[in-house]
1. Filter the stretch 1-15 down to the residues that are in a helix (DSSP H, G or I) and open to solvent by 70 Å² or more (accessible area, probe 1.4 Å), then identify the one that is modelled with the lowest pLDDT.
2. Which of the residues that make up the stretch 16-52 are modelled with pLDDT of 70 or more, open to solvent by less than 70 Å² (accessible area, probe 1.4 Å) and assigned to a loop (DSSP other than H, G, I, E, B)?
Amino acid sequence: MESERLHIHTNTLRYPLTKIKQTAGINLVDPDIRLDLASSSRHSTPPAPPVPCDLALDLGERCPLGEKRP
């Protein structure tokens, strides 16, 4: 079993997979779906880093979380 190979408890592996299935409606047991997810994640671009607060204000946007207004 995968959990043994990863040296973790079975439920440590099973719980996040169950939450993904419940939340997103994705059945990760289906190999075709896993292949689609893997290939789409390889072709997507990472999200842009947050803009500093002073630049965000210049662009008319809100400050990123955790930053104070200048």
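The values are calculated or read from the model by the stated rules, or taken from the named source; none is laboratory data. Remember, it's a predicted structure, so these values are computed and weren't measured experimentally. Quick note on the areas: whole protein, heavy atoms, side chains included, nothing else; ligands and nucleic acids left out. Shrake-Rupley method; radii C 1.70, N 1.55, O 1.52, S 1.80 Å.
1. Looking only at the stretch 1-15, we keep the residues that are in a helix (DSSP H, G or I), and these are 2-6, 10-15.
Checking the rest, the ones that are also open to solvent by 70 Å² or more (accessible area, probe 1.4 Å) come to 2, 4-6, 11-12, 14-15.
On the way: Glu2: 77, Glu4: 85, Arg5: 84, Leu6: 80, Asn11: 88, Thr12: 87, Arg14: 84, Tyr15: 88.
Across the stretch 1-15, the extreme among qualifying residues is Glu2.
2. Residues satisfying the conditions are Gly25, Ile26, Asn27, Leu28, Asp30.
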